Amino acid sequence: MRVALVHDWLINMGGAERVLEELARMFPEAPIYVGVVDPTRLSPLLRTRQIIPSLVQRWPFAIRWYNRYLPLLAYGFEQFDLSSYDLVISSSAAVAKGVVTRAETCHISYVHTPMRYAWDLYHEYHTREAKGLTRKFMGPVFHYLRLWDRVSTDRVDVLVANSSTVAQRIQKHYRRSAVVVHPPVSIDQFRIADHVDDYYLVLSRLVSYKRFDLAVEAANRLGRRLIVAGSGPELPHLKRIAKGSVQFVGSVNETKRAELMAHARALLFPGEEDFGIAPVESQAAGRPVIAYGRGGVQDTVIPEQTGILFSEQTVDALIEAMLRAEAMVWDSDAIRRNALRFGPEAFRRDFQRLVAQAMAKHRPKGSQIDANGLT
């Protein structure tokens, strides 16, 4: 059975790329088709794989401005010739699922989210993020992209969502049902520490929709220590509003990340994420999560057992949740056990089962599938 993997772009190694890496391990012979790729940013595993970029790769500043080429990337993915493959697996938060396949080919799309800047966060991006010509042309361009996104979804045989929230969005925007398979989280990188320090932690890329301004303001008002680890366009704003109890440490490596998680009072997660890797990592280190109760944390955090979920995205609600957490006694071992549900082994088991079921309906002549769903 010939398998191809398809991914939006390989510019940074984030949560979606962790899923791609796991798929690459499951299908070691599969080439990877992408919109654009920055070879210097690839992980050691992906550097060993055959990566085929779209025609957009040759255009000016494609690696830097890939998101500005979005309508052309949609066209570029349609130009990939995947006619020789029996199984195509796309990893998509934008346009990768729009590839064209034969009727006999089974196309499974792992959807990290329906294109957020076209759907749920369109108005936020338009009013808060877009500037100048981008804002001027965003309306008509994204009107076209929404039409293309909806139609291209009909090319997919099986839709997979990374959380229950994303499955709901798929139903809303695409009128399709999706199977939920949670993404793999590197649980084994994290351990329970022998002591906990007095700081709260924010650890992420610093962008506006994640609402880390709420965490900074809450720390200001309570006088609590807050460590902000990460970089991004919101960093200057967060530094302007921060007071003396807030410390910025910039981007951190994997070792420092695990250390910060293990010793924190709790992870603060005031935004809404499609899944959210950091809350699972915090629990893997035995530390509770204080999160806005929407999005992926509804799948990953058990209220009052592994964290606190607050219902309003306000500073007051976050402060109230922090004070509740401080009054509780947390069982680090129980918190870590909850995180074990989201390890790579669980992802491989669930995805292999899904592949086997899908290929049973689209099995190419002469191909065989073993019990794990792979040839």
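The values are calculated or read from the model by the stated rules, or taken from the named source; none is laboratory data. Predicted model, so just to flag it, every value in this text is computed and none were measured. FYI the Cβ positions are ideal-geometry reconstructions off the backbone, even for glycines, and counts take in every protein chain you see.
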Subject >> Which numbered condition R150 misses (of (1) in contact with a Phe, Trp or Tyr (Cβ under 7 Å, 6 or more places away or on another chain); (2) part of a loop (DSSP other than H, G, I, E, B); (3) surrounded by fewer than 17 Cβ atoms within 10 Å (Cβ to Cβ)) >> reply: (2)
Subject >> Enumeration of residues in segment 232-243 that are modelled with pLDDT of 95 or more and small (G, A, S) >> reply: A242
Original post:
Does segment 181-208 hold any residues that are buried (at least 17 other Cβ atoms within 10 Å of the Cβ) and in contact with a strand residue (DSSP E or B) (Cβ under 9 Å, 6 or more places away or on another chain), and which are they?
Top reply: V181, P183, Y199, Y200, L201, V202, L203, S204, L206
Original post:
Residue check: is R353 over 21 Å from A284 (Cβ atoms) and of a type in the set (D, E, K, R)?
Top reply: yes
Original post:
Out of R25, R18, which single residue is part of a helix (DSSP H, G or I), within 19 Å of the chain's Cα centre (by Cα), touching a residue at least 12 places away in the same chain (Cβ under 8 Å) and under 13 Å from I89 (Cβ atoms)?
Top reply: R25
**OP:** Look at A218 and say whether it is buried (at least 16 other Cβ atoms within 10 Å of the Cβ), at pLDDT 95 or above, under 29 Å from A266 (Cα atoms) and over 19 Å from the mean Cα position of the chain (by Cα).
**Re:** yes
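Could you grab me the full set of residues in segment 83-104 that are within 16 Å of P31 (Cβ to Cβ), in contact with a Leu (Cβ under 7 Å, 6 or more places away or on another chain) and part of a loop (DSSP other than H, G, I, E, B)? Can you show your working first?
Here is the first cut: in segment 83-104, the residues within 16 Å of P31 (Cβ to Cβ) are 83-91, 96, 99, 101.
Now restrict to residues that are in contact with a Leu (Cβ under 7 Å, 6 or more places away or on another chain): 88-89, 91, 99, 101.
Answer for segment 83-104, where residues must be within 16 Å of P31 (Cβ to Cβ), in contact with a Leu (Cβ under 7 Å, 6 or more places away or on another chain) and part of a loop (DSSP other than H, G, I, E, B): V99, T101.
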Original post:
Looking at segment 68-76, is at least one residue aromatic (F, W, Y) and modelled with pLDDT under 95?
Top reply: yes
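For segment 233-254, which residues satisfy the criterion of being surrounded by 15 or more Cβ atoms within 10 Å (Cβ to Cβ) and of a type outside the set (V, I, T)? Before the answer, list the steps.
Within segment 233-254, the subset surrounded by 15 or more Cβ atoms within 10 Å (Cβ to Cβ) is 234-235, 238, 242, 245-246, 248, 252.
Within segment 233-254, E234, L235, L238, A242, S245, F248 qualify.
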Subject >> Residues of segment 35-73 satisfying the condition of being β-branched (V, I, T), within 13 Å of H7 (Cβ to Cβ) and either touching a residue at least 40 places away in the same chain (Cβ under 8 Å) or surrounded by fewer than 20 Cβ atoms within 10 Å (Cβ to Cβ) (or both) >> reply: I51, I52
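Would you mind finding the one in R225, R265, R257 that is of a type outside the set (A, V, I, L, M) and either crowded, with 23+ Cβ neighbours inside 10 Å or out of contact with any strand residue (DSSP E or B) (no Cβ under 6 Å at 6 or more places or on another chain) (or both)?
Working: R225 fails: either crowded, with 23+ Cβ neighbours inside 10 Å or out of contact with any strand residue (DSSP E or B) (no Cβ under 6 Å at 6 or more places or on another chain) (or both); R265 fails: either crowded, with 23+ Cβ neighbours inside 10 Å or out of contact with any strand residue (DSSP E or B) (no Cβ under 6 Å at 6 or more places or on another chain) (or both).
Going through R225, R265, R257 in turn, the sole match is R257.
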